[in-house]
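Contents: one structure, followed by commentary.
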Amino acid sequence: MDYGRIFNEALKKLHQEGRYRVFADIRRHRGAFPRAEHMTAAGGRPVTVWCSNDYLGMGQHPMVLAAMHEAIDRAGAGSGGTRNISGTTHYHVELEAELAHLHGKEAALLFTSAFVANDTTLATLQKLMPDAVILSDEMNHASMIAGIRNGGGEKLIWRHNDLGDLEQRLKAQPKDRPKIVAFESVYSMDGNIADIRGICDLAERYGALTYLDEVHAVGLYGPRGGGIAERDGVMDRVDIINGTLAKGFGVMGGYIAGKRALVDAIRSFAPGFIFTTSVAPAIAAGATASIRHLKVSSAERTRHTERARTLSRRLRSGGLPVMENPSHIVPVLVGDPVLCKQVTDCLLDRYAIYVQPINFPTVARGTERLRLTPTPQHSDADMDRLVAALRELWAELNLPLQMPSQAAE
């Protein structure tokens, strides 16, 4: 058996389709975000990062860095084990209490990533409720899809953000059957936002649990950074909230928050939690510091919102095909995987602007795009350079612009 041939053929297909992923070797400059160095064989080259999920730049915040340094000096590098075997430090306990308070829940549980939290929790819920049916928004993240699949139970896919379709599917289920409605608040590629209140209304009417992924919203929305559910005043109505510490909070890790019995059941039965070494104390300390800061400071959120709206407006004024949405995500449609990669390669090589191409399977074929994520630290001059570079490349590659009426809106 020629195993190497199998792998090479699979990779060859990716190359032919223009979907082969190349990782840019980036070294960020502490205190100068979004500045970084693109590391090559010739050495480091200054670039401006336009695709980071460190949405607020909290990975550079002095309070976060100080908390992490203090934790390393006091407790050392690693946690030493799983949560059950020596890996529960006081930093983990503090962080889970902070997360529960952030979301107004009785308890929270920390995971190594939000992917693991989604995968593990959704699979375990089905093991605990063998007859449960999961109703999943068709645009849910790969981690939610993995968890639903790994649980092995029945799933029903409802049309994206279509409450009418969701109600019809809920109505068709027996009243006494366990039901879980799984959805996101901010959908990270298109930037759409769910009607959480409407979904909670339906879930309560038909006796379903609600499972909300707030990964691209925590830290960014709500008066204390609790997410879209907090912003919309419905946080208390959501049964299970999944979030990340790696985006708005700028560190790493994931979590769930909910009623104490539910969280304890996941803690006690979920293999993805039980058998995984816990995050380092310094990570937990940094995340706690970030959450505490953003609970009381709205300056980062206010500036972030303004920057996203300003960039979207400038791109539209330049005739570039911005995919409109109500969130902080600024996608620019290319519509071809090869051209999408060509645009991002040119941006990096010629303009020192770092953006990753977003191709299938992350998005549907024919909707390949640039996914721009302006932060509070991006300046007007940064935006001027980005828009000018994109306009030059759009003309050079003969890419379609927005219609004049769209650009003027």
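The values are calculated or read from the model by the stated rules, or taken from the named source; none is laboratory data. Please read these numbers as outputs of a predicted model, since none were measured by experiment. Cβ coordinates were reconstructed from backbone atoms using ideal geometry, including for glycine residues, and neighbour counts include every protein chain displayed. With ligands, DNA and RNA removed, areas are computed over all heavy atoms of the protein, side chains included. Shrake-Rupley method; radii C 1.70, N 1.55, O 1.52, S 1.80 Å.
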Checklist entry - Given the range 198-281, what helices (runs of 4 or more DSSP H) lie entirely inside it while holding 3 or more residues that are touching a strand residue (DSSP E or B) at 6+ places or on another chain (Cβ under 9 Å)? => result 260-269, 271-274
Next on the checklist: Looking at the range 121-135, I want the residues that are outside any helix (DSSP H, G or I) and have a partner that is open to solvent by less than 10 Å² (accessible area, probe 1.4 Å) and at pLDDT below 95 with Cβ atoms under 9 Å, at least 6 apart or on another chain. Which pairs are those?
Outcome noted: none
Next on the checklist: Of all residues being over 26 Å from I148 (Cβ atoms) and polar (S, T, N, Q) in the range 82-107, which is surrounded by the most Cβ atoms within 10 Å (Cβ to Cβ)? Just the residue, please.
Outcome noted: T89
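A quick yes/no check of all residues on (1) in contact with an Asp or Glu (Cβ under 6 Å, 6 or more places away or on another chain); (2) surrounded by fewer than 24 Cβ atoms within 10 Å (Cβ to Cβ); (3) among the basic types (K, R):
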position	(1), (2), (3)
K171	no, yes, yes
K175	no, yes, yes
D195	no, yes, no
C200	no, yes, no
Y221	no, no, no
D232	no, yes, no
L245	no, no, no
Next on the checklist: Quick check on the range 355-365: of everything there that is open to solvent by less than 60 Å² (accessible area, probe 1.4 Å) and in contact with a Pro (Cβ under 9 Å, 6 or more places away or on another chain), which residue is farthest from R35 (Cα to Cα)?
Outcome noted: V363
Checklist outcome for this item: Result of the Cβ filter at 7 Å on the range 286-306, keeping first residues that are under 30 Å from A75 (Cβ atoms) and open to solvent by 30 Å² or more (accessible area, probe 1.4 Å) and partners that are in a helix (DSSP H, G or I) and of a type in the set (D, E, K, R), at least 6 apart or interchain, is R292/E98
Checklist entry - Within the range 108-123, is there a residue that is open to solvent by less than 50 Å² (accessible area, probe 1.4 Å), at pLDDT 95 or above, out of contact with any strand residue (DSSP E or B) (no Cβ under 8 Å at 6 or more places or on another chain) and within 29 Å of Y211 (Cα to Cα)? => result yes
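Do we find that P374 is within 20 Å of the chain's Cα centre (by Cα), at pLDDT below 95 and either surrounded by 19 or more Cβ atoms within 10 Å (Cβ to Cβ) or under 25 Å from R27 (Cα atoms) (or both) in this structure?
Here the answer is no, as P374 does not meet what is asked.
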